[in-house]
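Participant: My structure is below; once you've seen it, I'll send some questions.
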Amino acid sequence: MKALCWHGKKDVRYDSVPDPRIEDPRDVIVKVTSCAICGSDLHLYDGFMMGMESGDILGHEFMGEVVEVGSADHKLKVGDRVVVPFTICCGECEQCRRGNFSVCERSNRNQALAEKMLGHATAGLFGYTHLTGGYAGGQAEYVRVPFADVGPVKVDNGLADDQVLFLGDILPTGWQAAVQCDIQPTDTVAIWGAGPVGQFAIRSAVLLGARQVIAIDRVPERLSMARAAGAITIDFEYESVLDRLKDFTAGKGPEKCIDAVGMEAHATQSLDALYDRAKQAVMLETDRPHVLREMIYACRPAGILSVPGVYGGFIDKMPFGAMMNKGLTLRTGQTHVNRWTEDLLNRIIEGQIDPSFVVTHTVSLADGPEMYKTFRDKKDGCVKVILTP
């Protein structure tokens, strides 16, 4: 089959690779009908996530048709149309029983490696480093899906792929980011980053009843999309984020702050961002935490910081004294996708949200390497790229 494979920093290739096969009775094989490039994939493309090996198949946002079913899987049958969450969960361990699917205790087959880096292993993830199991990803014609009697979400209601594809990652990620904020009707929610996760966090905050939502970015197309959802916008290239947030909140700051950016924050006019880039260049720091620092300063005392943005290693110069003395609450984590999918699928069916609005490019899988380059180097106002086999 054909797949997009990682071969090093900024080196993604359209390769021929062996077809997947059933390895466990709970497996299924899915023929991919749509997959997407995620902002998290760019961390791999840029070489900031450790644990990648040459030839690894990328991609963790995908859906398709079941073409083969393991003998122990009684949930799915050949011909079922499914969205596959990026977090692989067994459904049986203590964390899964609590709904903490992204920290499943059984699905990461490289647990010893992850424990050396993180202290404890997290769940296995599709297409995302050997620290999370080294599973082949979904930017391919076919994918082996383990624990398929638990994770995949059946969609048999006539909805188009681009309406349901994002149930596997960015829609529940934006939703969880907002839910973690415990939004109240009087709250201002500030969201750093108006990419795909930021866009869904904006709409989730609106659906959850925030009084005011503020989106912070610099890409005009993204800011326009945020305004269409009802958000106030700040262009950090031309405005002081801290000053504008005070303007919008009578000097008090937002009660809730969401980091939808993660480890590659771009703030070229900021002294601390230049510091981070310099330390990255000499390998003294892995991540650029400008947004985290800014949120800690901006957030109203006793507020909540929610971090769906991905971080991979070590960060520096964190104002933890400000965080402690202001009494801020920090909530983080990869998304517990299956905790939210039933509710979100119903919201799509009922018309509360149509996730297809984030799609800006639809191209063939063969064009994937060029789209990675476009997404990273040219920006081009990209929000979400869908690849089709």
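The values are calculated or read from the model by the stated rules, or taken from the named source; none is laboratory data. Here the structure is a predicted model, which means the values were calculated and not measured. Every residue, glycine as well, gets a Cβ built from its backbone with ideal geometry; the counts of neighbours run over all protein chains shown. Just so you know, the surface numbers come from the protein's heavy atoms only, side chains and all, with ligands and any DNA or RNA stripped out. Shrake-Rupley method; radii C 1.70, N 1.55, O 1.52, S 1.80 Å.
Participant: Can you pull the semi-axes for region 199-246, root of five times each eigenvalue of the Cα gyration tensor, sorted largest first, whole Å?
Facilitator: Working: eigenvalues 68, 35, 8 Å².
Computed over region 199-246, the values are 18, 13, 7 Å.
Participant: Then there is this: Given the chain, what percent of its DSSP beta bridges are antiparallel, to the nearest 5? If you can, show how the numbers build up before the last one.
Facilitator: Working: 31 of 58 bridges.
Within the chain, antiparallel bridges account for around 55 percent of the total.
Participant: Put I232, I258 in order of accessible area, largest first, 1.4 Å probe: what do you get?
Facilitator: From most accessible down to least: I232, I258.
Participant: If each of A302 and M318 carries a label point 7 Å out from its Cα toward its Cβ, how far apart are those two points in nm?
Facilitator: Here the answer is 2.4 nm between the modelled labels.
Participant: Here's another thing I want to ask about it. On average, how much accessible surface per residue is there in the chain, in Å², for a 1.4 Å probe, leaving out ligands, DNA and RNA?
Facilitator: On the way: 15690 Å² over 389 residues.
Spelled out: the 1.4 Å probe surface of the chain, per residue, equals 40 Å².
Participant: With every protein chain left in place, what is the accessible area of V241 in Å² (1.4 Å probe, nearest 10)?
Facilitator: Result for V241: roughly 10 Å² accessible.
Participant: Can you give me the solvent accessible area of D162 with a 1.4 Å probe, rounded to the nearest 10 Å²?
Facilitator: Here the residue's solvent-accessible area equals roughly 60 Å².
Participant: Further, regarding this structure: So how much slack lies between A366 and V17, counting 0.36 nm per residue of separation and subtracting their Cα-Cα distance, in nm?
Facilitator: Result for the pair: 124.3 nm of gain on full extension.
Participant: Let me ask something else. With a 1.4 Å probe and every protein chain kept in, tell me what percent of the accessible surface of region 241-387 is carbon plus sulfur. Walk me through the numbers before you get to the answer.
Facilitator: Details: 3660 of 6650 Å².
Reported share for carbon and sulfur atoms: 55 percent.
Participant: Now for a different question. Counting only protein chains, not ligands or nucleic acids, how are E350, E237 ordered by accessible area (probe 1.4 Å), most first?
Facilitator: Details: E350 125, E237 50 Å².
Of E350, E237, the descending order of accessible area is E350, E237.
Participant: Y14 accessible area, nearest 10 Å², 1.4 Å probe?
Facilitator: Accessible area of Y14: about 90 Å².
Participant: Excluding residues fewer than 8 places away in the same chain, name every one of the aspartates and glutamates whose C-alpha is closer than 18 Å to that of K279.
Facilitator: D46, E264, D287, D316
Participant: Output the 0 to 90 degree angle, nearest 10, between the alpha-carbon long axis of helix 337-349 and the longest principal axis computed from the alpha carbons of the chain.
Facilitator: Computed tilt is about 90 degrees.
Participant: If I stretch the segment between T388 and H74 completely, what's the gain in nm (0.36 nm per residue apart, minus their alpha carbon distance), one decimal?
Facilitator: 110.2 nm
Participant: Of the candidates E239, E65, E105, which one comes out as most mobile in a Gaussian network treatment of the chain with C-alpha springs shorter than 10 Å?
Facilitator: Greatest mean-square fluctuation among the candidates belongs to E239.
Participant: Taking the chain as a Gaussian network, where each spring joins two C-alpha atoms under 10 Å apart, which residue of V143, V78, V291 fluctuates the most?
Facilitator: Greatest mean-square fluctuation among the candidates belongs to V78.
Participant: On a 1.4 Å probe surface of the protein chains, which of T33, T87 comes out largest in accessible area, and what is the full order? Walk me through the numbers before you get to the answer.
Facilitator: Numbers: T33 60, T87 5 Å².
Heavy-atom accessible area, descending, gives T33, T87.
Participant: What is the extension gain from L330 to A278, computed as 0.36 nm multiplied by their sequence separation minus the C-alpha to C-alpha distance, in nm to one decimal? If you can, show how the numbers build up before the last one.
Facilitator: Values: separation 52, 0.36 × 52 = 18.72 nm, distance 2.71 nm.
Answer, rounded to one decimal: 16.0 nm.
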